[in-house]
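Notes to accompany the following structure.
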C-alpha cells in the first residue's frame, strides 16, 4: 500500500499538473487524496501502473471526480464591487470639469482684461492645480489598481 505522501507525490505529477491549466485549492487536493486512499483500500494493495493509469484517465475524463477546480489567476471568491470606488472618478471629473475650469476661466478672462500680476498668478495657479490634481488622481488610481 502506498502511503499518503507517495500518493500525494504521484497526484502532484499526474493529477494536479495535467489539468489543462486549472488548479485545485489545498482543501480540494486533500479531498482528491482521500478519494485515492479509499480506492486503494478497496483494491486492498498498492495499485499497479496500469491501474494507476486508469485512475488518472478516469480522473481527467470524469471532470476531476466532481472536485471543484479553478482557473489560474481566478480570485478565491468573487469580490463585491465597492460603491465608494466610483466616488473617486465622479469627484475627479466634477473637480476638473466644473470647479477648476471655473477658476481658469475667471482668471483667464480677468488677465485678458486686466494684465495685473494678481490675475497672472491666479491663472498660473489655477492651471497648475487643475493639471496637478489630474496627475495626482492618475498616480493614486494606478497604485490602487496595482494593489488588486
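Rule-based calculations on the coordinates, nothing more; no lab input. Bear in mind the structure is a predicted one, so any value in this text is a computation, not a measurement. Reconstructed Cβ throughout: ideal geometry from the backbone, glycine too, with neighbour counts over all protein chains shown.
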Quiz item: Measuring from label point to label point, each 7 Å out along Cα→Cβ, what is the residue 30 to residue 49 span in nm?
Solution: 3.4
Quiz prompt | 131, 107 arranged by Cβ crowding within 10 Å, fewest neighbours leading | solution = 131, 107
Quiz prompt | Segment residue 9-residue 113, length gained on full extension (0.36 nm per residue, minus Cα span) | solution = 29.3 nm
Quiz item: How do 120, 33, 7, 100 line up, fewest other C-beta atoms within 10 Å first?
Solution: 120, 33, 100, 7
Quiz item: What do you get for Rg/Rh over region 84-147 if you use C-alpha atoms and the Kirkwood form of Rh?
Solution: 1.14
Quiz item: How much length is gained if the chain between residue 58 and residue 106 is pulled fully straight, taking 0.36 nm per residue apart and subtracting their Cα-Cα distance, in nm to one decimal?
Solution: 9.8 nm
Self-check item: Virtual spin-label span in nm between residue 2 and residue 95, 7 Å along Cα→Cβ
Solution: 6.0
